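Note sheet for the following structure.
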Amino acid sequence: MTRRYSALSLFKEGLAGQKGWEPAWRSPEPKKTYDAIVIGGGGHGLATAYYLAKNHGITNVALLEKGWIGGGNTGRNTTVVRSNYYYPESVAIYDLAHRLYEGLSADLNYNVMLSQRGMVFLAHSINEMEITARTVNAMQINGIDAEIFSVDDVRRVAPLLNFAPDARFPILGGGWQGRAGTARHDAVAWGYARGASRLGVDIIQNCEITDFIIEGGRCRGVHTTRGTIRADRIGMAVAGHSSVLAAKAGFRLPVNSYALQACVSEPVKPILDTVVLSPGTGVYVSQSDKGEIVIGGALDRVPSYGQRGNLPVLEGVIAGLLEMFPTFAQLKLMRQWAGIVDVVPDSSPIIGESPLPNLFINCGWGTGGFKAIPAGGTLLAHLLATGKHHDISRPFDLARFASGRLLDEAAGSGIAH
Amino acid sequence: MQLFTCPFCGPRDETEFHFGGEAGNLRPDGADVTADRWASYLYMRDNPKGATREIWVHMNCGEFFVMERDTVNHKVETSIALDSAEHA
Amino acid sequence: MTASRLSSGGSAIDRSRPISFSFDGRTVQGFEGDTIASALLAADVAVVGRSFKYHRPRGIWGAGVEEPNALVDVAGSVRATPNTRATTEPALAGLVAKSVNATPNAAADRNAFIDRFSRFIPAAFYYKTFMWPDWHLFEPRIRAVAGLGKVDPDWKSPGPADQINRHCDVLVVGAGPAGLAAAKLAAGAGKSVILVDDQPLLGGSLLHRDAEIDGKPAAAWVDGTVAEIEGAGHLVLSSTTAFGIYDHNLIALNQRHHDGRPDTLWRVRPRQIVLATGAIERPLPFANNDLPRIMSADAALAYLRRYAVLIGRRIVVATNNDSAYEVAGALATAGADVTLVEMRKNALPAAPSGVKLLAGRALVSARGGMRVEGVTLDDGTSLAADSVVVSGGWTPTVHLFCQARGKLAWDETRAAFLPGDPVEGISVAGALNGAVALSDVFSSAAKATSAIGETKAVAPRSTGAEAIGGVLAAWPIPSAKGRVWIDYQNDVTAKDVELAARENFVSVEHLKRYTTLGMATDQGKTSNLAGLALMANITGRTVPEVGTTTYRPPFTPVPLASFAGALGGELMSPVRRLPLENVHRANGAVFQEYGGWLRPAHYGGAGADADRTIQDEARRARQSVALFDGSTLGKIEVMGPKAAEFVDFIYYNTMSTLKPGRCRYGFMLSENGVVFDDGILVRLDENRFVVSCSTSHVASVHARLEEWRQDRFGRGAVYIHNATSEMATLTVSGPNSKKLLEALDLGLSLDDAELPHMAIGEGRFGEDAVRIARVSFTGDRSYEVSIRADRAEPLWARMQETGKALDAVTIGLEALMILRAEKGYIVIGKDTDGTTLPHDLGVDGPRTKRKNEYVGRRSLFTDVAMQESRLQFVGLSVAEGEPPLATGTHAIAKGGGKLRSQGFVTSSYHSPTLGRPIALALIERGASRHGETIDLQHLGMLRHATITGPCAFDPSGERLNA
Ligand SMILES: Cc1cc2nc3c(=O)[nH]c(=O)nc-3n(C[C@H](O)[C@H](O)[C@H](O)COP(=O)(O)OP(=O)(O)OC[C@H]3O[C@@H](n4cnc5c(N)ncnc54)[C@H](O)[C@@H]3O)c2cc1C
Ligand SMILES: [Zn+2]
């Protein structure tokens, strides 16, 4: 059996018909008890399981996923990875993630295709240039690579943008993070799954949590579609479904679930080498390695668990894209989809103890948690292993809603996603 | 494109409406409301998967109303004017 | 020559109208009515493109939307479009087609060598390598060989695409026999009908399959039925694909015009949808089944009968079902030497005359390079062939049904997923529902329309020989020899599916993502089922246990331009315009967008030095009198018996104590305590107020007022009317403002005793009532004169005229921003952010004193609201001779070797009146740090400034009454 991935093993396997690869992860039957349970086989759940084993040596862990791993938002997102946030608390968490991403392929021995092609945030007015200056300064102070771009700089990285001075959203310049880019979403999920499985974690798919076992006021396990599984430490990372599980555990969360849509064009030869976001249109776009133009935009306006695309939002997003890149009007839409994202009033994640003892939560990443997966996993694993916050996760505790200590990036910098 | 029914104007495209929050989220008055109670009013939500009861506003006529619908299959059950709804 | 155009026949082509176009640089002849694909076949072009990954030579597989291989970039006489399906694109004269993913062309592709390394780069190989030192290093090379067509960077839009909304009773998708029958029956029931079909010609399978209906040949019946439906006023759209069923059964159509016009997007809301989308033929699994000139049997028949193209001389027809017999017979009749290789042994239809039948035999491999040369059968027999046509059975086109959340049911005898339990508002008919014989097709159409209502139309009857539908499932099997291709475009083989299974990617969605099966531009129309059947076999599950992936719109790719429609340019997000815009333009105003409004930034014309002009305007405004168009200010009337109570609740400041005829400045908060808007409230009389909110917040303030009114006060208690656009507001400010206004003779006393600061008066200008509010955003004596928007022009002209003697200056918004900043007046959203509470701005009175309830109150007492280290509103002054600070500069503090932001500059200008820079900022504990000099940083540059109060000019406010 070939375990290790490398050009050489690929070559050797090639000579042998690629028949020797071992499963990327095991699919064992669930045991009756574990030291810890992680609910949700998205990136955050899988990374939590991996870091529990890797950082804390806790390997008797079950990861329970109701469908197939990576099938939630982790497998539906537009894969932008960046860390140019405004508040120091946010910077700490996204920078941790970004740095872990930079070493992730090597750590997991799985190419997650981190492509640090840079990202430009356009500014369309003098006011937006001022806000860009404010955010870029904040980032520099926080030790994040960020620059102000002139129009010519923008032209250099994305020449097909609409630079007409009379455009509806004229381009005056923008902000730039060179270390930003994209990563392959499926690979992140599968790489963590493979890493966790090898360290002993049981990855159990088609296993939906239907209820919690609550004894003596503490969470002691879960009822699932594959039987009852017990553990005294339970973490949940179920994104858009957080409220559903919270209701079963007897509490409410400051979460609204909405569909966030994305779409891709048919693949074409390289025409866009960077990630571009326009605050005017709310659209952000990149080109995948396969050549598809990957397009994301505004959140849907109707709360939903429907997980499907619709026309009105798509039309607005595509109109915005063509406003930015008029020549893309010759392309065709190939696929449209949606994920159910967990929108929190201050658009910052919630990490910490839940009101039900023994149950810990990681949610609220909303439209932007792919880039945070390594950090979300590290921090939830830390909580599960130690029962205490990591310094970086403390500001993101659920308690912030009562204290008013919100971390609203949009309020601070005017940038979401 | 979903069709929502404004109790005043009839069925219209979803784009004419704006979500106003979950019905029944009563506002506690006073400066001495507990922090938790206030946070609960401001931020905590049922966010149900399935049947839900919500406040919506039809932006074209400005009327707020209660709508009962399903957040999974998007089926709309009823729209009721605020006056007649016990949205309390 | 193997493929050729026959000398007669071809129902779709017009031989009197020859055309020519170019493909990969060579001229191709054809006839009007040809598709690019049919003309290429007639010209015997075998290789039309290269596959995505291995750059394998590929030929035309199908004759419709399912085509995985024949993609071309088109340009020339038509609009440039990459990745166009040659099988559905008409061959227009002068069109220039270029194969995709091939350099320099499909026949001789430089990257063809990649195929030789294919065993080292199986499905998902990229996850296993390219990790060191860094993926981004390899990425550009990989990207360059991936991708299909090319975008033309110089492409110019032909103008917006049309979008059409329609309602109808019944929308029928598919104009084959089932759809035509359903449309006819629905029309006969008195319903309004729309019938759409993605082909340029209506008839579906009847365009090339033998049939006799109501005693007529199929073609005649089709023509008659279409004429009947159209004649009754119903809408029939050809070249129109229903590509998506969205919420509440909104169905989206993509209509192609082929005359240079962009595609039209139709959004149709039918009461009932009848899906008659037919079925798509599947390939058969054998090694090298992707060679050029291995083609769908049904497509071969379509090319023969519609385009009179005989695809070969020595043809092997391979099948596992009955539908290929007609094809074999027709090809033989047309003159080809045909061998029919039939997998099944028993209960076979009779072999067509002239066809050699080999029953109980299957293909195991094909041979050839740039085109197929022969096949080997499972008994070792080798057959030479210049073409192989295959039918692996039929996959019902369930995509739309599934998009509408329909569930599928597996039908073992048909070896296919059929629509399962019905979906509300949607019925299914024809081959989609598994019907094969024409009489079954017609009865399914009758059933599909039975709930629509009693019909006067007579259901059509099949009067000829009927097709039968026997099929023996033929799926790829594990460990087969050679490369059995499943997804042609994305180069997925049976071995890749086996690899996925081996590595535990056994869920159908994992299979798809790991191997990219079904993710190409054809969305796996020919490949999905074979892939998941193989996965079922390997993992010991049944096909329905494996299940299908989600069907996502669009069914076929749709131009982006179609979705955008006219929603571009200014319509993208229309700017609001001043009633006096043209007057200002004539006056040399330079416009900019502020908060959604187009407003004069400054005057003096586009050629003027903006900075100097602005400085000049701001300086002169303080000297004598300034005129300013403030029409964008919100004017929302609040009236009713509880109006006073209402404004008390809405505002942070107590407003009910305001006397009629007076104004008061106040904040509105959000429920989270954050200052949402500021402005003047005017009390007209006991029960009537005017909320003057800031320009960019008019809509949101109005919405908020309505919400509280309806939620908390009730309809009878308060009434709200947004009068913003009804009135223009012209502002006169400066020491001489009163003098100017008096000269206008507005019929009211401007005496300070009668019209003091923060009071209003009513007057007249000619016939029109004017309201004068003595409020100030400049710190100078000011008057806001409001008048009917359509009568503002003469008043403005009079002001300008009168102002001449006073050396009046007309100022734009930029100068106003300087004037207000000199006074330390805030602009919400600029000098505040989404965390600013009222006491951060120095307004703490209401928080500590008010006893009654108001919006946001409780949020002003949270831990964070009471925290000492809050950012507070201050002024900043820099050392003499230094330039202004940049807006967005941060105040910094050092601690533990790290920098920390202590707030930031929100507004910064050079003040011409003070002759020095001024700045406003939000600084940590700023209010208690006046006089302190702090460090600031902008783009790495260090500066210093001293914290001051926000007001830099006339702090005692004397000029308000000067
Ligand atoms: C269209 C779109 C574009 C996006 N673009 C970006 C981007 O560019 N950059 C970025 O950083 N972020 C982006 N995001 C956000 C990002 O995808 C998410 O924040 C992130 O993937 C969340 O990961 P997760 O592991 O928390 O959730 P998920 O990946 O959604 O995983 C949650 C898992 O929990 C499972 N689950 C739910 N309920 C149960 C139950 N009862 N029992 C068992 N399992 C359960 C679900 O099946 C799911 O697999 C985007 C999101 C979407 C939808
Ligand atoms: Zn209405």
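The values are calculated or read from the model by the stated rules, or taken from the named source; none is laboratory data. Worth saying up front: this structure is predicted, and the values here are computed from it rather than measured. A quick note on method: Cβ atoms are made from the backbone with ideal geometry, for glycine too, and the neighbour counts reach across all protein chains shown. Each accessible area value is taken on the protein alone, full model and side chains, heavy atoms only, with ligands, DNA and RNA left out. Shrake-Rupley method; radii C 1.70, N 1.55, O 1.52, S 1.80 Å.
Quick look at the numbers
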quantity	calculated
Cα-projected label distance for residue C:367 with residue C:454, points at 7 Å along beta-carbon direction, nm	6.9
Rough spin-label spacing in nm, given labels placed 7 Å along Cα→Cβ, for residue C:348 and residue C:657	10.2
Computed accessible area, residue C:77, all protein chains, 1.4 angstrom probe, square angstrom	70
Signed unit charges on C-beta, dipole axis of the protein assembly as shown, positive-most listed residue C:36, A:225, C:479	C:479
Average accessible surface area per residue within the stretch C:821-960, 1.4 Å rolling probe, Å²	41
Under 20 Å from the residue A:218 label point (7 Å along Cα→beta-carbon), backbone N, the stretch A:56-91	A:58-62
Too-long pairs where the Cα-Cα distance tops 25 Å, listed order kept, from C:156/C:512; C:481/C:512; C:53/C:512; C:216/C:525	C:156/C:512; C:216/C:525
Net charge, residue C:362 excluded, C-beta distance under 15 Å - Lys, Arg +1, Asp, Glu -1	+2
Cβ charges +1 (Lys, Arg) and -1 (Asp, Glu), total dipole of the protein assembly as shown, debye	3040
Lysine pair number, Cα distance threshold 22 Å (strictly under), chain A, separation 8 or more or different chains	11
The protein assembly as shown: proportion of alpha-carbon pairs further apart than 49 angstrom, %	41
Amide proton proximity set for residue C:129, modelled H, under 5 Å, gap of 5+	A:111
Extended-chain gain in nm, criterion 0.36 nm per residue less alpha-carbon gap, residue C:116 and residue C:844	254.4 nm
Residue C:107-residue C:541 FRET efficiency (beta carbon distance; Förster radius 45 Å; 0.05 resolution)	0.60
Residues of type aspartates and glutamates that residue C:823 reaches as a straight line, Cα spacing below 15 Å, ignoring anything fewer than 8 places off in the same chain	C:780, C:814, C:831, C:954, C:958
Local net charge near residue A:322, Cβ-Cβ under 12 Å (Lys/Arg +1, Asp/Glu -1)	-1
In Hz, Karplus ³J(HN,Hα) per residue of the stretch C:373-390 (6.51, -1.76, 1.60; θ = phi - 60°; x = Gly, Pro)	10, x, 9, 10, 9, 5, 9, x, 4, 10, 10, 7, 7, 9, 8, 10, 10, 10
Unit Cα scatterers, Debye sum, the stretch C:265-330: log10 I(q)/I(0) for q = 0.27 Å⁻¹	-1.40
Inter-label distance for residue C:688 and residue C:583, nm, one decimal - labels placed 7 Å from Cα along Cα-to-Cβ	2.5
Relative compactness, the stretch C:821-960, computed as alpha-carbon Rg over 2.2 N^0.38 Å	1.10
Rg to Rh, two decimals, where the stretch A:271-417 supplies the alpha carbon set and Rh follows Kirkwood	1.04
Under 14 Å from the Cα of residue C:635 - aspartates and glutamates, other chains or at least 8 residues apart	C:677, C:678, C:726, C:784
Chain pair A, C: total accessible area buried, heavy atoms, 1.4 Å probe, Å²	8600
DSSP beta bridges in chain A [antiparallel fraction, %, rounded to 5]	75
Under-5 Å amide H pairs with residue C:727, H placed in peptide plane, nonlocal only	C:789
Nearest-0.05 FRET efficiency for residue C:410 and residue C:670, computed from C-beta distance (R0 51 Å)	0.40
Vicinal HN-Hα couplings computed from phi for the stretch C:766-778 (Karplus, 6.51 cos²θ - 1.76 cosθ + 1.60; Hz; Gly/Pro x)	x, 7, 9, 6, 10, 10, 10, 10, 8, 10, 9, 10, 10
At least 50 Å² of accessible area lost relative to the chain alone, listed for the stretch C:912-958 with a 1.4 Å probe	C:939
Inter-part distance where the stretch A:163-190 and the stretch C:253-299 are each reduced to a Cα centre, Å	35
Beta bridge orientation in the stretch C:284-391: antiparallel %, DSSP, nearest 5	30
Antiparallel bridges, percent of DSSP beta bridges restricted to chain C (to nearest 5)	75
Förster radius 25 Å - calculated FRET efficiency between residue B:80 and residue C:421, Cβ distance, rounded to 0.05	0.20
Cysteines without a disulfide-compatible neighbour (Cβ-Cβ under 4.7 Å), chain B	B:61
Accessible-area composition of the stretch C:121-197, carbon plus sulfur, in percent [1.4 Å probe]	57
³J(HN,Hα) computed for each position of the stretch A:46-62 - Karplus, 6.51 cos²θ - 1.76 cosθ + 1.60, integer Hz, glycine/proline x	5, 5, 4, 4, 4, 6, 4, 6, 6, 7, 10, x, 8, 10, 7, 10, 10
Residue list for the stretch C:896-935, given a label point 7 angstrom along the Cα-to-Cβ vector of residue A:394 and an amide N cut-off under 17 Å	C:896
The stretch A:1-124 - Debye-derived log10 I(q)/I(0), Cα point model, q = 0.10, 0.19 Å⁻¹	-0.46, -1.30
Cα principal axis extents for the stretch C:284-391, largest first, Å	37, 33, 19
Hits among aspartates and glutamates - C-alpha to C-alpha of residue C:191 under 16 Å, sequence gap 8 or more where chains match	C:169, C:228, C:230, C:454
Under 5 Å, built H, 5+ apart or other chain: amide partners of residue C:935	C:892
